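Following: one structure in structure tokens, then a few remarks.
The values are calculated or read from the model by the stated rules, or taken from the named source; none is laboratory data. Bear in mind the structure is a predicted one, so any value in this text is a computation, not a measurement. Cβ placement follows ideal geometry from the backbone for every residue including glycine, while neighbour counts extend to all protein chains displayed. Note: areas computed on protein heavy atoms with side chains; ligands, DNA, RNA excluded. Shrake-Rupley method; radii C 1.70, N 1.55, O 1.52, S 1.80 Å.
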Amino acid sequence: MTSRITLISPALNRSLREARFDDGSPLDPSGRARAESAAGSLGAADRVLVSPTARCRETASALGLTAVPEPELAGLGMGRWRGLTLDDVMATEPDAVLSWLSDPDAAPHGGESVRALCERAAGWLEAAAFEGRTLAVVEQELVRALAVTVLGAPGPAFWRLDVPPLTATDLSGQSGRWNLRLGRELGAETR
């Protein structure tokens with residue numbers, strides 16, 4: 001059984017533009033316009049899923065997708081750091097930030113660790129595999145967690161992956177054997 005999963009990162013909003021841990025803000029007008037201009041470029045899918053975050057739901061809508069919310073596709077739970085910038089947190093909790101950035105098991109913010117996110121992503125991927133094509137609009141950190149999982153990379157590799165807004169990451173294969181194609185701009189040729 002071969003599965004095809006296309007992960008779409010959300011369009012820009014204030015949080016992404018300001019490097020702020022997601023605070024639930026809506027898409028920027030420019031982010032919405034860019035997503036709307038890419039509508040229709042993704043091709044048909046057997047199922048369409050979306051992270052429960054506002055920016056992912058709004059991106060899916062702007063892309064013209066009717067998506068089913070999937071709680072397992074939520075972004076990294078940031079606990080008390082939600083809505084803050086990394087600079088804000090560095091100013092008050094520098095040791096906590098350094099721990100978080102160097103130890104995949106650290107969750108000094110009281111939320112989810114990177115390792116826990118990667119494990120959640122791996123569990124979703126294992127359960128999500130089915131014959132056909134899935135589109136999923138998800139947070140950038142979930143794309144990174146799935147890339148780390150598929151590649152069998154160590155946890156710290158999570159921080160070495162960049163996922164630009166409104167790009168597609170394609171997974172194809174089956175449980176235990178996935179191929180990965182990163183960072184295709186929406187509107188580019190799709191398969």
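Please give me the summed charge of the neighbours of R47: other residues whose Cβ is under 15 Å from its Cβ, Lys and Arg +1, Asp and Glu -1.
-2
In degrees between 0 and 90, to the nearest 10, how far off the longest principal axis of the chain does helix 29-38 point, with axes built from Cα atoms?
30 degrees
Please build a GNM for the chain, connecting alpha carbons under 10 Å apart, and tell me which residue among L166, L180, L12 fluctuates the most.
Residue with maximal mean-square fluctuation among L166, L180, L12: L180.
Obtain the nm distance between the two label points defined at A96 and A39 by a simple spin-label model: each point lies 7 Å from its Cα along the Cα-to-C-beta direction.
4.1 nm
If you take all C-alpha pairs in the chain, what percent of them are over 24 Å apart?
When all Cα pairs of the chain are counted, 36 percent exceed 24 Å.
Order the peptides 40-52, 92-104, 133-145 from the highest to the lowest mean number of other Cβ atoms within 10 Å of their residues.
Ranking the peptides 40-52, 92-104, 133-145 by packing returns 133-145, 40-52, 92-104.
If I take every Cα pair under 8 Å that is 6 or more residues apart in region 51-191, average their sequence separation and divide by the length, what percent do I get for the relative contact order?
21 percent
If you count only protein heavy atoms with a 1.4 Å probe, what accessible area per residue comes out for the chain, rounded to a whole Å²?
That works out to 47 Å² for each residue.
Go ahead and estimate [θ] at 222 nm for the chain from helices alone: -39,500 (n - 2.57) per DSSP H run with n ≥ 4, summed, over the residue count, rounded to 500.
Calculated mean residue ellipticity at 222 nm is -10000 deg cm²/dmol.
List every residue whose amide H lies under 5 Å from the amide H of E112, counting only residues 5 or more places away in sequence or on a different chain, with H placed 1.01 Å from N in the peptide plane.
Distant-sequence amide H within range of E112: G77, M78, G79.
May I ask you to give the percent of accessible area on region 38-152 that is carbon plus sulfur, with a probe radius of 1.4 Å?
53 percent
Within 11 Å, Cβ to Cβ, of R144, how many net charges do the neighbouring residues add up to if Lys/Arg are +1 and Asp/Glu are -1?
Taking every Cβ under 11 Å from that of R144, the sum is -2.
Against the longest alpha carbon principal axis of the chain, how many degrees, from 0 to 90 and to the nearest 10, is the axis of helix 114-128 turned?
20 degrees
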